[in-house]
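J.: Have a look at this one before I ask anything.
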Amino acid sequence: MKIALIGYGKMGRMIEQIARDRGHEIVSIIDIDNQQDFESEAFRSADVAIEFTSPTAAYGNYLRAWAQGVKVVSGSTGWMKDHGDDVRRECTEGGKTLFWASNFSVGVAIFSAVNKYLAKIMNRFPQYSPHMEETHHVHKLDAPSGTAITLAEDIISELDRKTDWVKGQENRPDDPALLRIDSLRRGEVPGIHTIRYDSEADCITITHDAHSRKGFALGAVLAAEFTNDYQGLLTIGDMFKF
């Protein structure tokens, strides 16, 4: 399989190594200093492009890749609010393909399924109040993390007593209809997500703690392999059926 990389930071380099180890060919690597390569024959030859950049660059990268007829797998977060509707329209009406996930880790996919099932159970027990905390490295630009938002939205979809999530910094935790997400930034932490259901009697806690970025990189390559055979707007839920 021929893969192009968009973004060549730590994640891009790790994805490159894993893709090569799995027998794939890296045909193009695009970073901030060679944007003209989107229009190269090498990039057009890719079956799938894997994109890990920034919230401000991601949507433009999708458009450039799609213009060359290349499917995209992306782990960039923070663009959905401004461009989510446009992306959905391109993938449903325009024939484009994007596999997007806020987190590609297989462990996070399992954790997400557990989170949603636990929320479904907790809908019957209103004495438990949920709260989320996510911790990442100091270089992360968005807060809360895309993974935290996805987890929160899954909780809200199952809990009748929660209507939306709110940043802990916004200091509105007293509204019982809001799910608070606290974001911490320290060191080089790859990612920790903790969900607590607290009551007067006890506390139930689930946590996913990433040891390194390797799990994210492997998941992105697995998603590229999956995307090669499918089209439209794809998610982790399409690849893993829990």
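The values are calculated or read from the model by the stated rules, or taken from the named source; none is laboratory data. As the structure is a prediction and not an experimental result, all values here were calculated from the model. Cβ placement follows ideal geometry from the backbone for every residue including glycine, while neighbour counts extend to all protein chains displayed. Note: accessible area is taken over every heavy atom of the protein model, side chains too, but ligands, DNA and RNA are not part of it. Shrake-Rupley method; radii C 1.70, N 1.55, O 1.52, S 1.80 Å.
J.: Counting only protein heavy atoms, what percent of the accessible surface of region 43-124 is carbon or sulfur at a 1.4 Å probe? Show your work: numbers first, answer last.
T.: Details: 1780 of 3570 Å².
Exposed carbon and sulfur together represent 50 percent of the surface.
J.: Something else now. A 32 angstrom limit on the alpha carbon distance is what I want to check against. Which of Lys10/Lys96; Lys10/Lys241; Lys214/Lys241; Lys162/Lys214; Lys2/Lys120; Lys2/Lys116 exceed it?
T.: Result: Lys162/Lys214; Lys2/Lys120; Lys2/Lys116 exceed 32 Å.
J.: Rounded to the nearest 500 deg cm²/dmol, what is the calculated helix-only ellipticity per residue at 222 nm for the chain, with -39500 (n - 2.57) per DSSP H run of length n ≥ 4?
T.: Numbers: 8 runs with 87 residues, N = 242.
My calculation for the chain gives -11000 deg cm²/dmol from helical runs alone.
J.: Still on this structure, I have one more. About the Cα centre of the chain, what is the dipole size in debye to 20, counting +1 per Lys and Arg Cβ and -1 per Asp and Glu Cβ, all else neutral? Mind showing how you got there, number by number?
T.: Values: 27 positive and 35 negative charges, 65 e Å.
Charge dipole of the chain: 320 debye, to the nearest 20.
J.: Compute the distance from the alpha-carbon center of region 204-242 to that of region 71-93, in whole Å.
T.: If we compute the Cα centre of each part, the gap is 17 Å.
J.: When only alpha-carbon atoms count, how far does region 24-88 stretch along each of its three principal axes, as whole angstroms with the largest first?
T.: On the principal axes, region 24-88 reaches 32, 23, 21 Å in Cα extent.
J.: Using a 1.4 angstrom probe with every protein chain in place, what is the largest-first accessible-area order of Lys167, Lys120, Lys162, Lys241? Intermediate values should be presented prior to the final figure.
T.: Values: Lys167 70, Lys120 125, Lys162 15, Lys241 155 Å².
Descending accessible area places them as Lys241, Lys120, Lys167, Lys162.
J.: OK, next. Which of the peptides 104-113, 27-36 is most tightly packed, and how do the rest follow, judged by the mean count of other Cβ atoms within 10 Å per residue?
T.: Values: 104-113: 20.1, 27-36: 15.1.
The packing order, highest mean first, is 104-113, 27-36.
J.: Once you have a ≥ b ≥ c as the square roots of the Cα gyration tensor eigenvalues for region 166-216, tell me rounded if a/c is under 1.5, and otherwise prolate or oblate according to whether a/b is larger than b/c.
T.: On the way: a/c = 3.04, a/b = 1.57, b/c = 1.94.
Judged from the Cα gyration tensor, region 166-216 comes out oblate (a/c at least 1.5, b/c at or above a/b).
J.: While we're looking at this one, here's another question. Within region 104-203, which GluC sites (Glu not before Pro) sit in a loop by DSSP and count at most 14 neighbouring Cβ atoms inside 10 Å?
T.: Numbers: sites: Glu133, Glu134, Glu153, Glu158, Glu170, Glu188, Glu200; in loops: Glu188, Glu200.
Hits after loop and neighbour filter: Glu188, Glu200.
J.: Next question. Full-extension gain between Lys116 and Arg185, please, as 0.36 nm times their residue separation minus the C-alpha to C-alpha distance. Don't skip to the answer; put the middle values down first.
T.: Numbers: separation 69, 0.36 × 69 = 24.84 nm, distance 2.54 nm.
This chain segment gains 22.3 nm when fully extended.
J.: So for the chain, averaging the separation of alpha carbon pairs under 8 Å that are six or more residues apart and normalising by length, what relative contact order in percent results? Kindly include the intermediate steps, with their values, before the conclusion.
T.: Details: 444 pairs, mean separation 53.2, N = 242.
Relative contact order for the chain comes out at 22 percent.
J.: Any chance you could tell me what percent of the C-alpha pair distances in region 18-138 go past 25 Å? Please report the intermediate quantities before stating the final value.
T.: Numbers: 2898 of 7260 pairs.
It works out to 40 percent of all Cα pairs.
J.: Which FRET efficiency, nearest 0.05, do Ala177 and His211 yield, Cβ-Cβ r, R0 35 Å?
T.: On the way: r = 35 Å, r/R0 = 1.01.
That gives a FRET efficiency of 0.50.
J.: What percentage of all Cα-Cα pairs in the chain are separated by more than 24 Å?
T.: On the way: 13743 of 29161 pairs.
Of the Cα pairs, 47 percent sit more than 24 Å apart.
J.: If each residue of separation counts as 0.36 nm, what is the full-extension length gain between Thr56 and Asp85 once their alpha-carbon separation is subtracted? Intermediate results must be reported in sequence, preceding the final value.
T.: Numbers: separation 29, 0.36 × 29 = 10.44 nm, distance 1.60 nm.
Here the answer is 8.8 nm.
J.: Say R0 is 51 Å: what FRET efficiency, to the nearest 0.05, do Asp198 and Asp33 get from their beta-carbon distance?
T.: Working: r = 49 Å, r/R0 = 0.95.
So, using R0 = 51 Å, E works out to roughly 0.55.
J.: So what is Rg over Rh here for region 130-220, counting just Cα atoms and using Kirkwood for Rh? Write out the running numbers ahead of the final one.
T.: Working: Rg = 13.7 Å, Rh = 13.9 Å.
My calculation puts Rg/Rh at 0.99.
J.: Taking springs between alpha-carbon atoms closer than 10 angstrom, which of Pro176, Pro130, Pro55 fluctuates most in the Gaussian network model of the chain?
T.: Pro176
J.: So, with +1 on the Cβ of K and R and -1 on the Cβ of D and E, and no other charges, what is the size of the charge dipole of region 123-192 about its Cα centre, to the nearest 20 debye?
T.: Details: 9 positive and 13 negative charges, 29 e Å.
Using only the charged Cβ atoms, the result is roughly 140 debye.
J.: Over the chain, give the accessible area per residue in Å² for a 1.4 Å probe, as an integer.
T.: Numbers: 12050 Å² over 242 residues.
With all protein chains present, the chain gives 50 Å² per residue.
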